[in-house]
Amino acid sequence: MNLPGKLPVILTAILFMTPLMMSIALAGTSENQENSFVDLDGDGFNDNAIDNNADGIPDDPNEQIDTVPSDDSSESTGFVNFDAGFSNSQVTPHTNSEKFARLSFTTRALGTNRGGFGAGDDFGPGNGIGIGAISAGGCSGGVCRP
Amino acid sequence: MQSALYMRLFIVIMLFSPVLSNANVASEFGVNSGYTQNLIKDSSDIDDSYYTMSEKLRYHPLSFVEFNLLGEYTHYDSITGLSNFLGGGGFTLIPTKADADIALHISGNFNTQRYREAFKGFNNNNADVSVGIQSKFGSWVHHRAGFLLNSTSYLDSKRFDQKSYEIFVGINVVCPWENSLDLEVGHGGLKYNSIREDIFGVLPNPGEDELNDTMFVERNINSFYISPKVSRPLGTKTGINIAFTRRYFADTDIGYVFGSSNENLSPWASLWEGNSITSTVKTFLIPTFIATSGIGYWEKRYLKTLEKDQYYLNQAEARVDYQSRFFLKLQRPFSMRSGYFIEPSIYMEYTNNESSKDLYDYSDWSISLGIVFKK
């Protein structure tokens, strides 16, 4: 069964108009946006959870974590994990790589579009190693895309 | 030939070694070894083991610019001809501030993939350029839109080349009780080469060796999709999502293509319309481990295909598959104070596929072990 041809156009218009109307409704409100719940990568977790050591596991706020030293110390490791998926905003970036990782976090929702030609089945995280192996995913028609 | 490929990889890495000690360079190296019970993913049930080595360098000359290089080699034990080298590079620009309400993302990538002699027909170059914009309205509404151009060219024959464009828009809304609703719609256009019906309507399938480019005509696919997704936490250490995707081709007069039993290597493997529903659970309940599991179901309708054992075009039909998949992944990350990151992982997946064509009735399970080093 095919959907009506005009339905995507209508939905696109709604998607463009809805944020505009919401921004008008929200004008003047003030919230601490850094600590608000948001889940743009769709894994069910708050993207703003703190992950100071960038291991992909959010820090437990009830535990005294031996975290990566803050920018006030001279012991900053400079490690950035582009795949961590959580904010580690307690560490102020020093190097260009750290600053770029922070910028990448702001565009995390712009990953592969779910229904695109190159998305394949968009299922399963693979093992994060390589895009050329068939079982690692990301390949279709002999063409492997990052 | 294999040693020459390794030497090229080594030379490329050594050329960049003076910058590896630079704080503005990030390096990722991974090794993976696995076994699959059905490598080709058809009724032939050919099993094989393999390993992959991958190296990626990211260089940030400025805080909003990234250049990257990728080199990767995959080796298969039984079907050694499938072993291949993939190399490429790209750039990413994010010329907006981290605390701005609008984020802009521009990227370009180029990859080249080379197989061994037996599969050299799949040697290809792939290039893409994308622009995306993401904005937030308050703290609970995020909007995104993107545009992508992609070109795939096979070096041995142009008849499988594909050029496509895609546009998409999406909105993510945080609902009460930490539920998130994400809705995405998109459109894509793809040019490909279809079998000429005026020739093959009366002549039998000559076989691949007798084909020439005059037997093909360029056609277009217009694809539309809609995909809602819901996600939420379960407690403090588990998250879950459910996603539905409906993709359909607006053209009612889609052409014909030649089939291939090399499922994942078929140029038409990703060109299907239909429905899918998937669900993924991610949990940190096991201390210091990341466990992820998922299930999914797909109904796929492919292009009209003239298979190798079919001789006349009126025998070609659109293959329909009903596929179920399950995966489980376990990761153990180690983040060192020295700045090194090491993560071993194990990954398992099971697939069951029922098809309108007996050739594609199959099941497959695979397991792989890997380790990643990052600095």
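Just to be sure before I move on: is residue B:341 out of contact with any Pro (no Cβ under 6 Å at 6 or more places or on another chain) and within 19 Å of residue B:34 (Cα to Cα) in the structure I sent? So residue B:341 does not fit the description; no.
Of all the criteria given as (1) modelled with pLDDT of 90 or more; (2) under 13 Å from residue B:154 (Cβ atoms); (3) more than 8 Å from chain A (Cβ to nearest Cβ), the one not satisfied by residue B:126 is (3). Scanning the range B:18-66 for residues that are assigned to a loop (DSSP other than H, G, I, E, B) and under 21 Å from the mean Cα position of the chain (by Cα), we see that the one that is modelled with the highest pLDDT is B:37.
Residues are listed down the side, and each one gets a yes or a no for (1) at the interface with chain A (Cβ under 9 Å from one of its Cβ atoms); (2) farther than 17 Å from residue A:53 by Cβ:
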residue: B:334; (1), (2): yes, no
residue: B:337; (1), (2): yes, no
residue: B:342; (1), (2): no, no
residue: B:349; (1), (2): yes, yes
residue: B:352; (1), (2): no, yes
residue: B:358; (1), (2): no, yes
residue: B:363; (1), (2): no, yes
residue: B:369; (1), (2): yes, yes
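Considering only residues of the range B:39-52 that are in contact with a helix residue (DSSP H, G or I) (Cβ under 9 Å, 6 or more places away or on another chain) and within 11 Å of chain A (Cβ to nearest Cβ), which is surrounded by the fewest Cβ atoms within 10 Å (Cβ to Cβ)? Ranking the qualifying residues of the range B:39-52, first place goes to B:48.
Condition check for residue B:116 on (1) more than 10 Å from chain A (Cβ to nearest Cβ); (2) in contact with a strand residue (DSSP E or B) (Cβ under 6 Å, 6 or more places away or on another chain); (3) more than 19 Å from residue A:83 (Cβ to Cβ); (4) surrounded by 15 or more Cβ atoms within 10 Å (Cβ to Cβ): one failure, at (2). Evaluate the following for residue B:119: is it in contact (Cβ under 8 Å) with a residue 40 or more places away in the chain, outside any strand (DSSP E or B) and aromatic (Phe, Trp, Tyr)? Here the answer is yes, as residue B:119 does meet what is asked. Every listed requirement among (1) crowded, with 19+ Cβ neighbours inside 10 Å; (2) closer than 30 Å to residue B:230 by Cα; (3) among the polar types (S, T, N, Q) is met by residue B:305 save one, (2). Of all residues in the range B:136-173, those that are in contact with a Ser or Thr (Cβ under 9 Å, 6 or more places away or on another chain), of a type in the set (S, T, N, Q) and either more than 7 Å from chain A (Cβ to nearest Cβ) or not in a loop (DSSP other than H, G, I, E, B) (or both) total 6.
The values are calculated or read from the model by the stated rules, or taken from the named source; none is laboratory data. Since the model is a prediction, treat every value here as computed from it, not as a measurement. Note that each Cβ is placed from the backbone with ideal geometry, even for glycine, and that neighbours are counted across all protein chains shown.
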